[in-house]
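Asker: Questions regarding the structure given below will be posed in turn.
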């Protein structure tokens with residue numbers, strides 16, 4: 001039962017991260033139509049205009065696009081956890097934990113750049129880093145439960161239905 005709640009929390013956190021990254025992506029794509037709003041912390045415009053707003057710096061892919069792609073993948077995999085009957089033997093928890101670990105390292109790098117190099121903060125980047133940190137913790141809990149063989153409600157229901165011939 002606890003596993004199902006963790007699945008739902010993974011989805012909620014990934015969805016928040018996806019919405020945040022979508023906003024950053026849209027403001028990056030349409031800067032004249034939609035201005036990046038930063039009212040609580042720092043200077044989001046300065047962070048978005050810096051050479052570090054793309055990866056690798058200067059000639060890379062916008063970090064907002066990478067964040068959106070990353071959170072969409074995490075969201076998709078998290079949704080798939082709810083329907084393990086679709087997956088068969090596919091091991092999603094190790095994949096989630098690995099991708100979340102990579103995302104956390106990238107968020108840590110970007111947070112260092114904001115505070116240590118640019119000396120500017122962006123509230124949307126901070127939200128992204130918080131989402132990734134929470135997602136990483138939840139993915140490790142999911143991985144631990146998976147390794148311990150904690151039964152998943154979805155599999156139990158699917159197996160019982162098969163046994164009864166439904």
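The values are calculated or read from the model by the stated rules, or taken from the named source; none is laboratory data. The model shown is predicted, which means the values in this text are computed figures rather than measured ones. Every residue, glycine as well, gets a Cβ built from its backbone with ideal geometry; the counts of neighbours run over all protein chains shown.
Asker: Residues of segment 48-75 being without any contact (Cβ under 8 Å) to a residue 24 or more places away in the chain and in a loop (DSSP other than H, G, I, E, B), which ones?
Answerer: The answer is 56, 57, 58, 59, 60.
Asker: Another question, then. Is it the case, given these coordinates, that residue 105 is touching a helix residue (DSSP H, G or I) at 6+ places or on another chain (Cβ under 9 Å) and either in a helix (DSSP H, G or I) or closer than 15 Å to residue 7 by Cβ (or both)?
Answerer: no
Asker: In this structure, is residue 26 out of contact with any strand residue (DSSP E or B) (no Cβ under 9 Å at 6 or more places or on another chain) and within 16 Å of residue 107 (Cβ to Cβ)? Spell out how you get there, then give the answer.
Answerer: Details: out of contact with any strand residue (DSSP E or B) (no Cβ under 9 Å at 6 or more places or on another chain): yes; within 16 Å of residue 107 (Cβ to Cβ): no.
Criteria not met by residue 26.
Asker: Scan (1) within 23 Å of residue 77 (Cα to Cα); (2) loosely packed, with under 15 Cβ neighbours inside 10 Å; (3) at pLDDT below 95 for the single condition residue 137 breaks and write down its number.
Answerer: Only one criterion is unmet by residue 137, namely (3).
Asker: Please find, within segment 1-47, the residue that is nearest to residue 113 (Cα to Cα) out of those that are in contact with a helix residue (DSSP H, G or I) (Cβ under 6 Å, 6 or more places away or on another chain) and part of a loop (DSSP other than H, G, I, E, B).
Answerer: Taking the candidates together, the pick is 41.
Asker: A further question on this structure: Has segment 64-85 got at least one residue that is touching a helix residue (DSSP H, G or I) at 6+ places or on another chain (Cβ under 6 Å) and surrounded by fewer than 14 Cβ atoms within 10 Å (Cβ to Cβ)?
Answerer: Checked against the condition, which is being touching a helix residue (DSSP H, G or I) at 6+ places or on another chain (Cβ under 6 Å) and surrounded by fewer than 14 Cβ atoms within 10 Å (Cβ to Cβ), segment 64-85 yields no hits at all.
Asker: Within segment 51-63, track down each residue that is modelled with pLDDT of 90 or more, surrounded by fewer than 16 Cβ atoms within 10 Å (Cβ to Cβ) and either within 18 Å of the chain's Cα centre (by Cα) or within 16 Å of residue 106 (Cβ to Cβ) (or both). It would help to see each step written out before you state the result.
Answerer: Step one: filter segment 51-63 for residues modelled with pLDDT of 90 or more, giving 51-56, 60-63.
When the remaining residues are screened for being surrounded by fewer than 16 Cβ atoms within 10 Å (Cβ to Cβ), the result is 51, 56, 60-61.
Those that are modelled with pLDDT of 90 or more, surrounded by fewer than 16 Cβ atoms within 10 Å (Cβ to Cβ) and either within 18 Å of the chain's Cα centre (by Cα) or within 16 Å of residue 106 (Cβ to Cβ) (or both): 56, 60, 61.
Asker: Output the number of the condition that residue 122 fails; it satisfies all remaining conditions of (1) surrounded by 22 or more Cβ atoms within 10 Å (Cβ to Cβ); (2) at pLDDT below 95; (3) farther than 17 Å from residue 62 by Cβ.
Answerer: The one condition residue 122 does not meet is (3).
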